[in-house]
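What follows is a single structure, written as structure tokens, with notes after it.
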Amino acid sequence: MSQWYVLSLFLYFPEDKREYIPAVISLVIFMIAAVITMRLIISYSKREAKKAKELEEKLESERQFWDS
């Protein structure tokens, strides 16, 4: 019985459902920000991978030049 009482202290379901509107708005804003941040990180990672690949190819061609 005491466990139900402890859990009920943290749960609040308002009668007026308009009280959910600010929470939904902030959730949407943070979700959009998270998606944008994720896409920026992915695009930056792809650019860095491309630079690393180009550097690797350059070093490989230089090594082949010195080996021959």
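Every number here is computed from the coordinates shown, using simple stated rules; none is lab data. In this text, all values refer to a predicted model and were calculated from it rather than measured experimentally.
Determine the shape class of the range 8-61: with a ≥ b ≥ c the square roots of the Cα gyration tensor eigenvalues, call it rounded for a/c under 1.5, and otherwise prolate if a/b is greater than b/c, oblate otherwise.
On the way: a/c = 12.00, a/b = 4.40, b/c = 2.73.
The shape class here is prolate.
Working from Cα positions, state the angle (0 to 90°, nearest 10) between the long axis of helix 21-67 and the longest principal axis of the chain.
Between the helix axis and the principal axis of the chain, the angle is about 10 degrees.
Under 20 Å Cα to Cα from K51, which aspartates and glutamates show up? Leave out anything in the same chain fewer than 8 places away.
The reachable aspartates and glutamates, counting only those whose Cα sits under 20 Å from K51, are E60, E62.
Tell me what the chain gives for mean residue ellipticity at 222 nm when only DSSP H runs of n ≥ 4 count, each as -39,500 (n - 2.57), the sum divided by the residue total, rounded to 500 deg cm²/dmol.
Values: 2 runs with 56 residues, N = 68.
One gets -29500 deg cm²/dmol as the mean residue ellipticity at 222 nm.
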